[in-house]
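First up is the structure itself, then whatever we jot down about it.
What follows draws every value from the coordinates through simple rules; no lab data is involved. Since we're looking at a predicted model, the values are computed, not measured. Glycine also receives a Cβ, built like all others from the backbone with ideal geometry; neighbour counts cover every protein chain displayed.
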Amino acid sequence: MNHHPLSAINPNAKIGENVTIESFVTIQEDVIIGEGTWIGPNAVIMNGSRIGNNCQIHSGAVISGTPQDKKFDGEYTTAIIGDNTIIREFATINRGTKAKEKTVIGSNCLIMSYGHVAHDSIIGNGCIVGSYAGVAGEVEMDDFAILSPGSLVHQFCRIGTHTMIQGGSKVTKDVPPYCMAGRDPLAYTGVNSVGLRRRGFSNDAINQILEIYRIIYQRGLNVSQAIDFIEANIATSNERDVIVNFVKGSKRGIIRSVLDARGTEE
């Protein structure tokens with residue numbers, strides 16, 4: 001371990017091989033840090049931190065801070081960060097509460113500067129949380145979702161896989177998979193076709209996703225009618241099932257389509 005003499009490292013912390021710890025870092029007792037991880041100056045790694053291999057924790061970041069939830073009563077919880085994840089300057093990640101007992105950031109994620117992930121949120125693999133974005137408690141972001149800078153996510157919301165949310169958005173309802181979402185109030189603005197192609201989705205798969213969202217948002221059906229129609233008329237595929245299961249499981253309801261000033265669909 002390569003650590004600066006001006007860092008405060010509890011001797012009971014479990015720190016892997018080839019970990020670099022820069023100056024003025026604080027690492028508390030109940031901490032596990034995986035091999036090859038770099039901890040930047042002035043970072044604070046608090047009790048309950050579980051940091052994977054080859055991560056980067058940049059200057060001033062605080063990992064596993066006490067939940068900002070009045071129901072928290074000092075129960076034992078953790079904040080888990082997967083391998084190869086980057087936490088940039090002054091980002092804050094709170095540990096869980098009795099609700100889920102852990103906050104999770106997946107592998108290969110990027111939490112940009114000043115981003116915040118609150119208690120009991122579950123962030124999937126390959127996700128991005130932009131600078132100054134705030135993720136409230138018990139939010140779920142599925143794999144490869146992108147939350148652009150300055151966005152705010154209401155507690156208990158879910159953001160689907162491969163979704164991209166416009167900067168400065170206010171997310172108060174669930175955002176289905178494979179979407180782009182923007183405007184105020186937040187609305188479905190199309191399918192994230194560019195992102196899907198970059199991830200290796202075929203044209204046939206993307207076209208099917210487009211057709212599914214035409215049914216949901218442009219046929220004049222309510223959500224239940226649209227899902228029934230999709231199940232009866234769209235061939236089974238992984239993408240279809242991901243969308244259908246997401247919408248069926250939504251507790252807050254999904255975002256609506258973009259409406260023009262006259263209240264009709266664009």
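Things worth noting here:
- Listed residues 232, 61, 133, most fluctuating in the chain (Gaussian network, C-alpha, under 10 Å): 232
- Filtered trypsin sites (Lys or Arg not before Pro), segment 201-242: DSSP coil and at most 13 other beta carbons within 10 Å: 219
- Within segment 1-95, the GluC sites (Glu not before Pro) that combine a DSSP coil assignment with at most 15 other C-beta atoms in a 10 angstrom radius are 17, 29, 35, 75.
- Table column - 3J(HN,Hα) (Hz), segment 93-106, Karplus curve with 6.51, -1.76, 1.60, x for Gly and Pro: 10, 8, 6, x, 10, 5, 4, 10, 6, 6, 10, 10, 10, x
- For the chain, share of DSSP beta bridges that run antiparallel, in % to the nearest 5: 10
- Mean Cα-pair separation over length for the chain, i.e. relative contact order, pairs under 8 Å, 6 or more apart, %: 8
- Rounded to the nearest 0.05, the FRET efficiency derived from the C-beta distance between residue 221 and residue 155 at R0 = 22 Å is 0.15.
- Normalised by the number of residues in segment 2-156, the mean separation of alpha-carbon contacts (under 8 Å, six or more apart) gives a relative contact order of 13 percent.
- Hz values of 3J(HN,Hα) by residue in segment 179-185 - Karplus curve (6.51, -1.76, 1.60), Gly and Pro given as x: 8, 10, 9, x, 6, 9, x
- The value of relative contact order for segment 196-257, using C-alpha pairs under 8 Å at least six residues apart, is 28 percent.
- Estimated vicinal HN-Hα couplings, Hz - segment 157-166 in sequence order (Karplus 6.51, -1.76, 1.60; Gly, Pro = x): 6, 10, 10, x, 4, 6, 8, 10, 10, 4
- Once the C-beta distance of residue 229 and residue 198 is scaled by a Förster radius of 30 Å, the resulting FRET efficiency is 0.50 to the nearest 0.05.
- Sorted ascending by nearby beta carbons within 10 Å, beginning with the fewest, 102, 170, 70 become 70, 170, 102.
- 0 to 90° range, to nearest 10: angle between helix 223-233 axis and the chain longest Cα axis: 70
- Tally of Lys pairs whose C-alpha atoms are under 16 Å apart, taken over the chain, 8 or more apart or cross-chain: 7
- Of the GluC sites (Glu not before Pro) found in segment 94-179, the ones in coil according to DSSP and having at most 16 other Cβ atoms within 10 Å of their Cβ are 101.
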